[in-house]
Each structure stands twice: as C-alpha cells, then as structure tokens.
Amino acid sequence: MFNALVVRKDEDSGKTTGAVEQMGLDDLPHGEVTVAVDYSTVNYKDGLCIGPGGGLVRKYPHVPGIDFAGTVEESEDPRYKAGDKVVLTGWRVGEAHWGGYSQKARVRADWLVPLPSGLDTRSAMAVGTAGLTAMLAVMALEDHGLEPGHGPVLVTGAAGGVGSVATAVLAHLGHEVAGVTGRPETADYLRDLGASRIVAREEINETVKRPLEGETWAGCVDAVGGAMLARVLGQMKYGASVAAVGLAGGAALPATVIPFLLRGVNLLGIDSVMQPYDNRLRAWQRIASDLPMDKLEAMVQPATLTDLPGLGADILKGRVKGRVVVDVN
Ligand code: NDP
C-alpha cells in the first residue's frame, strides 16, 4: 500500500475535495513503467486539478500532479530498467492521466526522460514543468537570435515558477534581466536570482494606448499574457522576440499587429506538454548546465502531500513564490 492525494467529486453538488488516501499497485492505471516517486511540484494547472478541475480532469477519482521525478521500479519497455532515475512533465499526466501526487505512478515509457547528470530527483522537481518551460522559452529566444549584449530581457510574472527560473537562467547566461512583479516584497529575491531591474506590474499592465512605444526589450519571457503581453509587444526592440508561455494575467491578447509589421517583432509560442522528446532532452541538459543550483535552492518551498489542497488554492491566487517541491514520501 502507498499514499496518494486523491481528488473526489460529489456528483450532486459538483464539488471536488482532495485528501491523502492509501491505495495499492493494482489501483494504478495501465502503463509500461512503474515509478517510485520521490518528488512532485505545484504548478498553476495543478491548482486547477486539485481544486475545481478547470476542464482539465476527465474522470474522478483523480490523482493530480503534472510532473514528478523518481526511480523506475518495474519496466516493460527496454529503454528503462529498475533503478533508473527519471523525470516526467507534460503529456497531460496529472490531468487526463493519474499524476505525481502519489508514492507510485504508472505511465507510458514515451513520456519519461532519463534524469540528466548533474540533477537529482529533488533538483529536477525544483525545476519542474515551470522550469523546463522557462528553459524552452530561453532556447526559443536564442534560436531567434537573442544573445547577451543585445539589451535587457524582460521576464513577466517574475516571482512565479516560470519567471524565477527564466530570471536565473538568463542572468547566468549573461543577459541583463528586468523582472516584472506585482509583489514589491519579492524585489530582493529577484535581485538574488540575477534581475538587475524590477518593473512594477502596474507600470506595464495598462491596456495598449499606442501600438508602438520606445524600443526597450531585446527579448521577453512572458508568463502573464493578456494586457501585459499586448503592451510588451509594442516595447520590443526591432526584430526581437517574445516567448509566450502563460496566461496568469489572462488569455485575451488586446494588441495590434503594428509591432509585427513595423518592427518585425516575433511572438513565439511555447508548449511544454507535447514538446518532442529530443527538444525535452536538450532542455533538461541545458538546465543541468545553465541553471545555477544555488539559485535554484533559493526558489524552493518544501511541502508534503497533506499541504497540497492549500497550496493548490494559493497558486490559483498568485500567492506562491518560486517553486514548491513536494516530498511525496
Ligand atoms: P505561478 O503562479 O508560479 O506564476 C505566475 C506569476 O504571474 C505570479 O507569481 C505573478 O508573478 C504573476 N501574476 C499572477 N497573476 C497575475 C495577474 N493577474 N496579472 C499579472 N501578473 C500576474 O505560475 P507558473 O510560473 O507555474 O506558470 C506561469 C504561467 O505559465 C501560467 O499561466 C501557467 O499556466 C503557464 N504555463 C505554461 C506552460 C506551457 O507549456 N506553455 C507550462 C507551465 C506553465 P508576480 O507575483 O511576480 O507578479
């Protein structure tokens, strides 16, 4: 028997509740690889899946947790054997499939990535989906020509999970980083991660009044979307790129096409869920080499399975700083 956070739905009221329950290996869904989970994390989507569902969960009872790292216990796939350290993000695990808020998980071999050398299971989950996505965003900006020395790179939602990792990686690579935050009390934290400038959320959150403003940013990792992304597009330098990662501030994009037409600005979409294996591997290897582990440790907020219902509600309210690492054992 082992422990898992199980979310159940009351069919009459439609209300969901999550609690730690015991289950057996036979309760786990089908998959080629059974993993003894060490750590999982809390992402925005986890907040939805622990709580109201957000249309992501297909069936109840449900075990959330969109990412995990652990050790292979049993494998029917030749790519993995007992004892291998693995990490999983995406593929709708924790949404359509049972996820990592459990001491054991059973998944498809295709969804796993071997843990790169230089990372242990805890540091891999300190990075988690948010950190992997931040790295995919940085790689996309680089693939579109961003180099240190081009000018300041803006990170929106900087004190969140994606923003914290993006800030640390960009600063480590030698970029000048400006972090947008709505929480002024996180300024020291962001400076420690490497941000040289803090931009107040209200400074940049207003609806676009002029389609083009001064050319300010050489690149942007945007975790916020909405009015902020629309505004940022008009502040990009000629030919610069914005990697659109998230929608913490809204899914609408109240922008004009003028920055694309007159400044050759690029809007790059970043998806971590269906990201092809080779690029995932490249991103994890880049994390091992380009994310300073001491900075990563500063982002970590430790938690256990029993903390998850509260943390799920917190992340939906934008109250989580950095990365929550859940020790499921
Ligand atoms: P967090 O909640 O940790 O961070 C989001 C941050 O955005 C907050 O910390 C806050 O930063 C800022 N924020 C929150 N609400 C608002 C608002 N109303 N207006 C402006 N800023 C706001 O989440 P994650 O970092 O884990 O994820 C960020 C986004 O990226 C989410 O939308 C998530 O769904 C998405 N995502 C997308 C992925 C993909 O594959 N494309 C993968 C992973 C995440 P501060 O306090 O500093 O202002």
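Computed on the Cα atoms alone, the convex hull of the stretch 129-269 gives a volume of 89 cubic angstrom per residue.
Per-residue 3J(HN,Hα) values for the stretch 203-212, derived from phi via the Karplus relation 6.51 cos²θ - 1.76 cosθ + 1.60 with θ = phi - 60°, read 5, 10, 9, 6, 4, 4, 9, 10, x, 10 Hz in sequence order (x marks Gly and Pro). Loop-resident GluC sites (Glu not before Pro) (DSSP state other than H, G, I, E or B) in the stretch 28-92 with no more than 12 further Cβ atoms inside 10 Å of their Cβ: GLU76. Other residues within the sphere of radius under 12 Å centred on the Cβ of HIS175, judged by their own Cβ, net out at -3 (K and R +1, D and E -1). For the chain, adding -39500 (n - 2.57) for each run of n ≥ 4 DSSP H residues and dividing by the number of residues yields -8500 deg cm²/dmol at 222 nm. Based on the Kirkwood approach, the hydrodynamic radius assigned to the stretch 99-145 is 12.7 Å, with every pair of different Cα atoms included. Per-residue packing, averaged as other Cβ atoms within 10 Å, sorts the ranges 173-186, 286-299 into the order 173-186, 286-299, beginning with the highest.
Return the FRET efficiency for the residue pair PHE2, GLU202: r is the Cβ-Cβ distance, R0 is 56 Å, and the value is rounded to the nearest 0.05.
Plugging the Cβ-Cβ distance into 1/(1 + (r/R0)^6) gives 0.75.
Apply the Karplus curve 6.51 cos²θ - 1.76 cosθ + 1.60, θ = phi - 60°, to the phi angles in the stretch 216-221 and return the couplings in whole Hz, x for Gly and Pro. After applying 6.51 cos²θ - 1.76 cosθ + 1.60, I find 10, 9, 7, x, 8, 9 Hz.
Once the Cα atoms are used to define both axes, helix 277-290 deviates from the longest principal axis of the chain by about 70 degrees. In the chain, the ratio of gyration radius to Kirkwood radius, Rg to Rh, stands at 0.98 when only Cα atoms are counted. Take each peptide in 211-219, 189-197, count the other Cβ atoms within 10 Å of every residue, and average; sorted highest first, the result is 189-197, 211-219.
Report note on the peptides 123-136, 141-154: ranked by the mean count of other C-beta atoms within 10 Å, highest first, their order is 123-136, 141-154. In this simple spin-label approximation, HIS144 and ALA187 carry label points 7 Å from Cα along the Cα→Cβ vector, and these lie 3.1 nm apart. Calculate one ³J(HN,Hα) per residue across the stretch 109-115 by plugging θ = phi - 60° into the Karplus curve 6.51 cos²θ - 1.76 cosθ + 1.60, and present them in order as whole Hz with x for glycine and proline. Along the stretch 109-115, the couplings run 4, 4, 7, 8, 10, x, 5 Hz. Given LYS237/LYS321; LYS104/LYS295; LYS15/LYS59; LYS15/LYS317; LYS209/LYS317; LYS45/LYS85, which pairs have Cα atoms separated by over 23 Å? Table pairs above 23 Å Cα-Cα are LYS237/LYS321; LYS104/LYS295; LYS209/LYS317; LYS45/LYS85. Dividing the mean sequence gap of close Cα pairs (under 8 Å, 6+ apart) by how many residues the chain holds gives a relative contact order of 20 percent.
Using a cutoff of 8 angstrom between alpha carbon atoms and counting only pairs six or more residues apart, the relative contact order for the stretch 96-173 works out to 28 percent.
Laboratory data are not the source of any read-out in this text; all were calculated from the coordinates shown. In this text, all values refer to a predicted model and were calculated from it rather than measured experimentally. Note that we place each Cβ from the backbone using ideal geometry, even for glycine, and neighbour counts take in every protein chain shown.
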